[in-house]
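Working notes, structure below.
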Amino acid sequence: MVLFVVFGLGTLKGPIQRGVTSATGRELVIEGKVTPVWSWLHPRFRAEKVRYANPEWADEDWMFQADAVEASVKLLPLLIGRVVLPEVHLENPVIDLEIDDEGRKNWILEQDPKKKDGSRVALQQLTFDHAQLRFADAGREIDLNNVLSTDGDGVAFESKGKYKGLATNVKGRGGPVLGLKDADDPYPLDAAGKIGDTKVKVKGTITNVAQLSALDLAIELEGKTLSELYDVIGLAFPETSPYKTKGRLVKGDHMIAYEKFTGTVGESDLGGSLHFDLGGKRPFMRGELNSKRLNLADLGPLVGTDQPKQSGVLPNMPFDSDRWDSVDAEVKIQAGSIERPKALPLENLSTRIQMRDKVLTLEPFTVGVAGGVIAGSIKMDGQKQPIASTTALRVKDLQLQKLFPTLQQSQQSIGDINGLIELAGRGDSVSEMLGSANGKIGLFMDGGKISRFMMELVALDLWGAAKVKLEGDEPVDVRCAIADFAAKDGVLNTNVFVFDTQVVNVGGEGTVNLKSESMNLKLNPEPKNQSIASLNSPLYVRGTFGEPKFSVEWKRVGAKGLAATVMGLISPALAVLPLMKKGDDKDSPCAQLIADATKSTKAPKAEQQQAAAKAAQEKIEKEKKDEDKKKKKEPESATGSSRRQQGAPAAADK
């Protein structure tokens, strides 16, 4: 201090600039005065209008500029080329922090670029009254401009710019500035803002801000769809309805977890925990998601049914399989109840989602439907373009009464529907997969009861239907009902379509086109008894899935109506004769039809294996029997030979 008083720091301005520039390899410019400031411990000075250069590769020329820098300095480290500053205060600083595409950081000062021996400047305490700080990371598409101010409790900040390419605006408070530099101590953070369309609110601690080595944050998230989190954190989530969620975000060595979170997705509640293992070639996500009430409408974005330009019934929004390699996963999902339109008898959902190397599998997949279940597996292989999908589901005990909950006549119906759905297709959406599907759909009902009124209408027995309306409806016995379709290139062709009841046997034929979402079916009702006033015409089901159309052969009906009119002129009692059709009381071979309908497309291979095993077993048994016969013959041969040997001498004696 005596030297500073005697000679004045102005005379040391040049040596300071040259000393720092030489020690750090960066230019230090002091345009204003350099004056001493009283200090008991270390020499302390004030330099006005200070600029410190960036490395050549940086975007900006200067790493920081300030109206004034007031700092204390240790003298001895200067002798070995190090600058140690116990205290630094900046007035109106403008700071530029950058990371380039190669990962170089402009705040790391190296004497020799080939030697990674750490910083040549050490700051032990930093304060400022008002600061502008730019942080840019070229590799992660981050470019944020921050306005900061400090007080005794830490830093208040507002950040605007781009984060991962998304428009960002965040406000908050943190701990002391140099706490950011400490890689071991947790740094307190309380902030809220918006990244893209995702609203974020966090409160907790971060350890080693540059590397995020540890996190412990209470976090709240809100956005239009969970899929947007891919741009924020780099992990693929599905398309969803707008969501809100809050929980605890923690991070440790090679792991990060979102624990005990709760929230909503659309009108559905959601809770659970997700853990990410970061030690492999990609993050591995495992956890459980639970929903007490799942609104079916919220699954629309997931499968693509909420699109404003949706032209058909089947979902046509493409899956983004390019993102599937961002994470592997094994997550269990449980929905206790499903809120849905009254016409849909869905009840609950349970599945395990697995992602391995871009292959997405739902297995086991179980959905409660009409008092029964549809269960099995669904697989989508994102390694293939377009996506290859396979579906193998079993239909078990769907109750006919609950299958059509809005149809009053169905409430008297009794019966369980069973069967299978086995389809394989290619496409980047559900509609494309079904539109190219091969396989089969086989459903059946073995026994039960159904409304007589419904069957009279199907048979176009107007007289019988009117009679039922007058006298009251009653259930009639169902022998069997079978719908067996073979799928080829998205077209379902009827192998068998039968609805055999006590009063009518309905046969059907035709096609259902999953690609064009259209149908062309012909139903042939065959009454089992003399049916007065039956129009005796096939019933046609045509049109699209969204607008099906029902019709009859009006020419045939018209001809019968004309004949009925002529006969009616002779006698009113004769008017019904042209409309009469005598039933043949013919039953369907239900057992065989059900066996064929529920025969898996994989059955031939299984049967071949069983046949081969059976043949091999029969061969072993045959060889064993032959061996046993051979053993039985050997003693007899030996005895005969012995006798011949014994008899030979006697013959010779003769």
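Return the residue satisfying two criteria in turn: it lies in the range 226-249 and is out of contact with any helix residue (DSSP H, G or I) (no Cβ under 6 Å at 6 or more places or on another chain) and of a type in the set (D, E), and of such residues it is nearest to E141 (Cα to Cα).
D231
Filter the range 251-270 down to residues that are assigned to a loop (DSSP other than H, G, I, E, B) and under 19 Å from the mean Cα position of the chain (by Cα) and give me whichever is nearest to G223 (Cα to Cα).
Going residue by residue through the range 251-270, those that are assigned to a loop (DSSP other than H, G, I, E, B) are 253-254, 266-267.
Pick out the ones that are also under 19 Å from the mean Cα position of the chain (by Cα) and you get 266-267.
On the way: G266: 11, E267: 14 Å.
Looking at the filtered set, the residue picked out is G266.
Residue check: is I219 under 27 Å from G103 (Cβ atoms) and out of contact with any helix residue (DSSP H, G or I) (no Cβ under 9 Å at 6 or more places or on another chain)? Break it down stepwise before answering.
Working: under 27 Å from G103 (Cβ atoms): no; out of contact with any helix residue (DSSP H, G or I) (no Cβ under 9 Å at 6 or more places or on another chain): yes.
When the stated conditions are applied, I219 does not pass them.
Note down all Cβ pairs under 8 Å where the first residue falls in the range 431-442 and is surrounded by 23 or more Cβ atoms within 10 Å (Cβ to Cβ), the second is in a helix (DSSP H, G or I), and they're at least six residues apart or on different chains.
Cβ pairs passing all conditions: G442/D596; G442/A597.
Quickly run through the range 340-352 and pick out the residues that are more than 20 Å from the chain's Cα centre (by Cα) and not hydrophobic (A, V, I, L, M, F, W, C).
R340, P341, K342, P345, E347
Could you grab me the full set of residues in the range 508-543 that are at pLDDT 90 or above and within 26 Å of G448 (Cβ to Cβ)?
First, pick out the residues of the range 508-543 that are at pLDDT 90 or above: 508-522, 542-543.
Matches in the range 508-543: G508, E509, G510, V512, M519, L521, K522.
In the range 211-231, which residue that is crowded, with 18+ Cβ neighbours inside 10 Å and assigned to a helix (DSSP H, G or I) is nearest to the chain's Cα centre (by Cα)?
Per the criteria, the residue is L226.
Out of E70, E98, E60, report the one residue that is in a strand (DSSP E or B), out of contact with any Leu (no Cβ under 9 Å at 6 or more places or on another chain) and in contact (Cβ under 8 Å) with a residue 12 or more places away in the chain. It would help to see each step written out before you state the result.
Details: E70 fails: out of contact with any Leu (no Cβ under 9 Å at 6 or more places or on another chain); E60 fails: in a strand (DSSP E or B).
Answer to the selection: E98.
For the range 475-522, please list each of the strands (runs of 3 or more DSSP E) lying entirely inside it that holds at least 2 residues being buried (at least 19 other Cβ atoms within 10 Å of the Cβ) and under 37 Å from the mean Cα position of the chain (by Cα). Lay out the reasoning, then the answer.
On the way: elements: 475-488, 491-501, 504-513.
Fully inside the range 475-522 and qualifying: 475-488, 491-501.
I'd like the full set of residues that are surrounded by fewer than 16 Cβ atoms within 10 Å (Cβ to Cβ) and either in a strand (DSSP E or B) or in the same structural domain as E60 (by TED's automatic domain parsing) (or both), limited to the range 146-159.
Matches in the range 146-159: V147, S149, D151, A156, E158.
Take V83 and decide whether it is touching a residue at least 24 places away in the same chain (Cβ under 8 Å), closer than 23 Å to L133 by Cβ and surrounded by 16 or more Cβ atoms within 10 Å (Cβ to Cβ). If you could, list the steps in order and put the result at the bottom.
Values: touching a residue at least 24 places away in the same chain (Cβ under 8 Å): yes; closer than 23 Å to L133 by Cβ: yes; surrounded by 16 or more Cβ atoms within 10 Å (Cβ to Cβ): yes.
Yes: the conditions hold for V83.
Looking at K342 and the list (1) crowded, with 17+ Cβ neighbours inside 10 Å; (2) modelled with pLDDT under 90; (3) over 19 Å from V265 (Cβ atoms), which single condition is not satisfied?
In the conditions (1) crowded, with 17+ Cβ neighbours inside 10 Å; (2) modelled with pLDDT under 90; (3) over 19 Å from V265 (Cβ atoms), K342 misses (1) alone.
The values are calculated or read from the model by the stated rules, or taken from the named source; none is laboratory data. Remember, it's a predicted structure, so these values are computed and weren't measured experimentally. Methodologically, a virtual Cβ is constructed for each residue, glycine included, from the backbone with ideal geometry; neighbour enumeration extends over all protein chains shown.
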